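Q: One structure is given below, represented as structure tokens, and several questions about it will come after.
The values are calculated or read from the model by the stated rules, or taken from the named source; none is laboratory data. The structure displayed is predicted, hence computed values, not measured ones. A quick note on method: Cβ atoms are made from the backbone with ideal geometry, for glycine too, and the neighbour counts reach across all protein chains shown.
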């Protein structure tokens, strides 16, 4: 459960020459190398209001990501995509005819140079579990409305070929901008899961997150509670179809989707079962504190000092009050922290690193997330619940979260639930060696057949 498009570093370069009108057009760039290479395409155009940019990430099937502001002043290009968690800053080198710059995400950065010469796109890996058309069921692209937020969600519904009304599962993606297949690290877990369930008689609706691909809206203006209204809209849409059994509508949420599902189920009589895949059972504050340790990428000299540093930062970032004042206080905290200064040393990028950390810790989404505890709403969920976590998951640690989930369901008096820890599986339910994020792409398996069967068997035993 992490938000962001990529993992990157922080620095700004100096400028050369490019006429303003020449910055428009398509700019191509690549990050990384080999199997971990990621390509970006920026489409810059001129409007009556000034420059605007959309971005494609072909390897993740993300296209037309709308950034919030683009400027080209004194030969320096700034693409402000903080609405999607990133920025691009670069300058034009007339000798090489390229933009030399960096992608910036919070406190992280990597160099990214752009050229207007079209590049050959990386061929996507064909994973062995991905279904190939024609499918033995109906697949229909659909759109439905979230009237509350004036958002149109675009997705795909797969329907068994058998006659009559069918039970249905709505798939809810994890954090960060996701398409309907939850495509990431060369895998399409929601496509694989939808195919598996539909072949067994369960219809499945999956959709692009708001603001992603064909869905409208602004992704980073939304909190977990807002994404829950998208799920409620999906339920309303399904109730209009004559091939869906409205008494057998379920939710399957992965990662952040696993905390959205109980939020919807706790308020709706239309939800008949929920499946939590790597869902959490503790507050967002506690999840953030744990992830600071499990995802930091290496040891620190003093674990106790590190935990206090993170806790103090989270206390400031999660406090009630004016965000600008909180950001000011958090900036002062980082600048005056002996632990932070010892780690940052004399880095010339220190000011930019602090700025990125402060922005990352105070987004609209994260400040809502700090205060949301899925255990509180799980107490109110009366429908059947299946909760699965992998023991090697480094993003959502199994034991502490399953303890919170189990205790909440017991306290609420839920009569039908299972909480299962799956040995040797990571955040995406692949059989893994360490569970580290850098393994995801290298594992051919998209989702363990054991998990697919566990989910389908559990659902089928409750809808038939």
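Q: I'm trying to understand the selection: among the residues of region 40-76, which are at positive phi and either within 25 Å of the chain's Cα centre (by Cα) or modelled with pLDDT of 85 or more (or both)?
A: 50, 61, 64
A quick yes/no check of all residues on (1) under 26 Å from residue 402 (Cα atoms); (2) outside the structural domain of residue 226 (by TED's automatic domain parsing); (3) touching a strand residue (DSSP E or B) at 6+ places or on another chain (Cβ under 8 Å); (4) surrounded by 14 or more Cβ atoms within 10 Å (Cβ to Cβ):
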| site | (1), (2), (3), (4) |
| --- | --- |
| 277 | yes, no, yes, yes |
| 303 | yes, yes, no, no |
| 327 | no, yes, no, yes |
| 337 | no, yes, no, yes |
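Q: Can I ask one more? Cβ contacts < 8 Å: first residue under 14 Å from residue 309 (Cβ atoms), restricted to region 329-350; second residue modelled with pLDDT of 90 or more and not in a helix (DSSP H, G or I), any location; separation 6+ or different chain. Result?
A: 330/362
Q: Further, regarding this structure: If residue 79 meets every condition in (1) under 30 Å from residue 278 (Cβ atoms); (2) modelled with pLDDT of 85 or more; (3) crowded, with 18+ Cβ neighbours inside 10 Å apart from one, which number is that one?
A: Among (1) under 30 Å from residue 278 (Cβ atoms); (2) modelled with pLDDT of 85 or more; (3) crowded, with 18+ Cβ neighbours inside 10 Å, residue 79 violates only (1).
Q: Can you find even one residue in region 87-107 that is free of Cβ contacts under 8 Å to residues at least 40 places away in the same chain, in a strand (DSSP E or B) and surrounded by 15 or more Cβ atoms within 10 Å (Cβ to Cβ)?
A: yes
Q: Now for a different question. Is one or more of the residues making up region 112-126 in a strand (DSSP E or B) and either in contact with a strand residue (DSSP E or B) (Cβ under 6 Å, 6 or more places away or on another chain) or farther than 28 Å from residue 32 by Cβ (or both)?
A: Taking region 112-126 and keeping what is in a strand (DSSP E or B), we get 114-115.
Next, only the ones that are either in contact with a strand residue (DSSP E or B) (Cβ under 6 Å, 6 or more places away or on another chain) or farther than 28 Å from residue 32 by Cβ (or both) stay: 114-115.
Checked region 112-126: at least one residue is in a strand (DSSP E or B) and either in contact with a strand residue (DSSP E or B) (Cβ under 6 Å, 6 or more places away or on another chain) or farther than 28 Å from residue 32 by Cβ (or both).
Q: Being part of a helix (DSSP H, G or I), within 30 Å of residue 261 (Cα to Cα) and in the same structural domain as residue 261 (by TED's automatic domain parsing) is the requirement here; does residue 358 meet it?
A: No, not satisfied.
Q: Could you tell me which of the residues 389, 438 is assigned by TED's automatic domain parsing to the domain that holds residue 276, under 18 Å from the mean Cα position of the chain (by Cα) and within 15 Å of residue 259 (Cα to Cα)?
A: 389
Q: Something else now. Name the single residue, out of those in region 434-458 being modelled with pLDDT under 95 and assigned to a loop (DSSP other than H, G, I, E, B), that is surrounded by the fewest Cβ atoms within 10 Å (Cβ to Cβ). I'd like the intermediate steps shown before the answer.
A: Let us first name the residues in region 434-458 that are modelled with pLDDT under 95, namely 434-444.
From what's left, assigned to a loop (DSSP other than H, G, I, E, B): 434-436, 443-444.
Working: 434: 10, 435: 22, 436: 16, 443: 18, 444: 12.
Taking the candidates together, the pick is 434.
Q: Output the residues belonging to region 344-361 that are farther than 16 Å from residue 175 by Cα, out of contact with any strand residue (DSSP E or B) (no Cβ under 9 Å at 6 or more places or on another chain) and surrounded by 15 or more Cβ atoms within 10 Å (Cβ to Cβ).
A: Those that are farther than 16 Å from residue 175 by Cα, out of contact with any strand residue (DSSP E or B) (no Cβ under 9 Å at 6 or more places or on another chain) and surrounded by 15 or more Cβ atoms within 10 Å (Cβ to Cβ): 344, 350, 354, 355, 357, 358, 359.
Q: What are the residues in region 3-30 that are surrounded by fewer than 18 Cβ atoms within 10 Å (Cβ to Cβ) and either assigned to a strand (DSSP E or B) or at pLDDT 65 or above (or both), if any?
A: 9, 22, 24, 25, 26, 30
Q: Suppose we keep only residues that are free of Cβ contacts under 8 Å to residues at least 40 places away in the same chain and touching a strand residue (DSSP E or B) at 6+ places or on another chain (Cβ under 6 Å) within region 127-171. Which one would you say is nearest to residue 31 (Cα to Cα)?
A: 141
Q: Here are the criteria: (1) out of contact with any strand residue (DSSP E or B) (no Cβ under 9 Å at 6 or more places or on another chain); (2) farther than 14 Å from residue 172 by Cβ; (3) touching a residue at least 60 places away in the same chain (Cβ under 8 Å). Tell me which single one residue 269 does not satisfy.
A: (3)
Q: Which numbered condition in (1) outside any helix (DSSP H, G or I); (2) free of Cβ contacts under 8 Å to residues at least 24 places away in the same chain is the only one that residue 307 fails?
A: (1)
Q: I've got another one for you. Could you check region 219-244 and list, in sequence order, the residues that are modelled with pLDDT of 95 or more, in contact with a helix residue (DSSP H, G or I) (Cβ under 8 Å, 6 or more places away or on another chain) and under 19 Å from residue 155 (Cα atoms)?
A: 227, 228, 231, 232, 235, 244
Q: I'm checking my understanding of the structure. Among residues of region 127-148 that are touching a helix residue (DSSP H, G or I) at 6+ places or on another chain (Cβ under 6 Å) and not in a strand (DSSP E or B), which one is farthest from residue 203 (Cα to Cα)?
A: Per the criteria, the residue is 148.
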